[in-house]
Amino acid sequence: FRSGYANAGTALLRGEPGRPVRIDLPPSVRMTGSTGGYIEITGLRTNLSGVPQLDATGRLTFSFGGRIEVHGDMTGSFRGRIPITANYE
């Protein structure tokens, strides 16, 4: 990640066709860098509106992103997990 560039993640959910779902994201995620620094992603949100539902094939694709805060050395590769929870409504 570099300052000034927009980055977003994409997720694919599979399940029962036509079912409405609730998507929950964590309030923040920390990604640790290979050179000792870390990135904190806060304010995570999706591009979904209203009550999302799986399509006729049982799929829902959406994007998500948030505010990136860099702490320490920002060179190298950063890794982390973003737990996404989906529940049928």
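The values are calculated or read from the model by the stated rules, or taken from the named source; none is laboratory data. Quantities reported herein were computed from a predicted structural model and do not represent experimental measurements. Note: ideal-geometry Cβ built from the backbone for every residue, glycine included; neighbour counts use all protein chains shown. Areas reflect the complete protein model, heavy atoms only, side chains present, ligands, DNA and RNA absent. Shrake-Rupley method; radii C 1.70, N 1.55, O 1.52, S 1.80 Å.
For the chain, the normalised intensity computed at q = 0.13, 0.18, 0.22, 0.25 Å⁻¹ comes to -0.50, -0.80, -1.02, -1.21 (log10 of I(q)/I(0), Debye sum over alpha carbons, equal scatterers, no solvent). Rolling a 1.4 Å probe over the protein heavy atoms of the chain, with every protein chain left in place, gives an accessible area that is 47 percent carbon and sulfur. Students often get this wrong: which residues of the range 57-89 have the backbone nitrogen under 15 Å from the point 7 angstrom along Cα-to-C-beta of Leu48? Within reach of a label on Leu48, which here means backbone N under 15 Å from a point 7 Å along Cα→Cβ, the range 57-89 contributes 58-65, 83-89.
With protein chains left intact and a 1.4 Å probe, residues in the chain average 68 Å² of accessible area per residue.
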